[in-house]
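Heads up, the thing below is written out as structure tokens.
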Amino acid sequence: MPSKNTKFYSLLLILIDTLVLLAAFILAYVARVQYDPRPLLNQVYATEYLVTFLLIIPFWIIVFAALGLYSSNTYSRRLVEWSKIAIGAFIGILIVIGWEYASSKVIFPARLVAVYAFAGSFLLILLEREIMRELRTLFFRYGKGTSRVLIIGSSDATRDIAFNLADTTKSGYHIVAIAGPKKLIPKGLDVQHYSDVEDALADITKNKITTIIQTDLYDSDDRNQLVLNAAQSRHIAYSFIPGEPEFYSGKNTVDVFLGYPMITVYQTPLVGWGAILKRVFDVLVVIITSPIWLLLFLLLLVLQKIFNPGPAIFTSTRLGLFGREISIYKFRSMKAEYSGQDAISIFKKMGREDLAKEYAVTRKVKKDPRITPFGAFLRATSLDEIPQIFNVLLGQMSLVGPRPILPDEKGFYKSRGSLLFSVQPGITGLWQVSGRSDLPFEGRVDLELYYAQNWSFWLDIKILIKTISVVLLGKGAR
């Protein structure tokens, strides 16, 4: 929802980024030429050096723009912004080196200047963005640069949007009024409520509204046109956000069909080339890390035989891609007599109705009496899942994806299971690094659906990195 304020902020970022990049190159030159006594490889005068970078910096800014560093979707998320700044700094210095090669013109008086320029541009841009973030938050806190919002709708999306935009210091949006059922107003949110949209539109000028967000279309075309006309006639921002999640989940494209705008909805980006690229990524990661996981697998195999006599590997039937049954491999963590049996039935036979009820809700239990001491260690560290790497090699699983569910759990997913079955299950996933077993079952499903609908390589990498820290800390594992 780009507004005048976000556009102004983006332009301000472009200007300040330009000045900061220029400062980074000047500091790199001064640090090597003025304060390093070692001889220089080339004699490059300061004026010539400065003019060259004044010509190159616009291309660097274009790279930043292509990476989305001037989009609110990026600068509103710290970790995403940091990663893109690092990528932009790297590509930018490659542009400088390429310029030097293509023009046969010496730019750097010494190799270290390029290193200093790269490190300086990254660190200074990072520092500048953090300062700008704090200043922006400060301005939002005092009502400067915020958008005054009227939300129109009658679905759960109306409440969700109001709740998420309520913190003005973070969102930059000040919710002034909501037109719709009063029950959709989040608790504690002090806003003007309108039962009729016509009354809300009549008070747009009075409430100094600068943005209208509509989440549901009315049955009457005239009523919908009234909302749009109200925004257009007053020259204020208007956004329509479909209340149905299918319209903003996964990968969507907008085209023109028979003269009408057409939204084509793909439930997940993991179709076509997305699925192929993810498969290539999985195989490459498994091959590159094979010296580590193969050694670990063999070591655990020996320890399993010593501390947990019986079959070392446990095979479990799960539902994979398109709901097809697959056999996944794990190191056995339960006593042999309990492996493969229905958990609720076992708990009831033990006289542990409390555990049966707990399992029915979370699909896992704390202090499971079926688990052996060594099995508890394997589960706490998630090392019991190492054999599933073979499932990845067989193409039955991915490194990252939704949890492979038991056939009898399919009913718990209701209509939402069809989307999860459209992607490969994973060894680790979003729910495992977001509380893991501490999350209720419904919470886990919500996270898995979010992953399926919003997959990206960056999300996979973040989950894999976070999995390592979660496993080392043993947080939430059972």
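Annotations
- Answer from Ser345, Ser327 - the residue that is polar (S, T, N, Q), exposed (fewer than 13 other Cβ atoms within 10 Å of the Cβ), over 28 Å from the mean Cα position of the chain (by Cα) and not assigned by TED's automatic domain parsing to the domain that holds Glu409: Ser345
- Of the residues Phe374, Phe322, Phe390, the single one that is assigned to a helix (DSSP H, G or I) and touching a Leu at 6+ places or on another chain (Cβ under 8 Å) is Phe374.
- Residues (within 29 Å of the chain's Cα centre (by Cα) and either under 30 Å from Arg133 (Cα atoms) or of a type in the set (Phe, Trp, Tyr) (or both)) located in region 179-200: Ile185, Pro186, Lys187, Gly188, Leu189
- Among the residues of region 177-213, those identified as closer than 22 Å to Gly145 by Cβ and either without any contact (Cβ under 8 Å) to a residue 24 or more places away in the chain or not assigned by TED's automatic domain parsing to the domain that holds Asn164 (or both) are Asp190, Gln192, Lys206.
- Taking the criterion of being buried (at least 16 other Cβ atoms within 10 Å of the Cβ), assigned to a helix (DSSP H, G or I) and among the β-branched types (Val, Ile, Thr), the residues of region 103-157 that qualify are Val113, Ile125.
- The residue of region 449-465 that is modelled with the lowest pLDDT, among those that are over 12 Å from the mean Cα position of the chain (by Cα) and either among the small types (Gly, Ala, Ser) or surrounded by 14 or more Cβ atoms within 10 Å (Cβ to Cβ) (or both), is Leu449.
- Matching entry among Leu19, Leu27, Leu40 (being surrounded by 14 or more Cβ atoms within 10 Å (Cβ to Cβ), modelled with pLDDT of 90 or more, in the same structural domain as Val106 (by TED's automatic domain parsing) and not hydroxyl-bearing (Ser, Thr, Tyr)): Leu27
The values are calculated or read from the model by the stated rules, or taken from the named source; none is laboratory data. Remember, predicted model here, so these are calculated numbers, not experimental data. Heads up, the Cβs are rebuilt from the backbone with ideal geometry, glycines too, and the neighbour counts pull from every protein chain shown.
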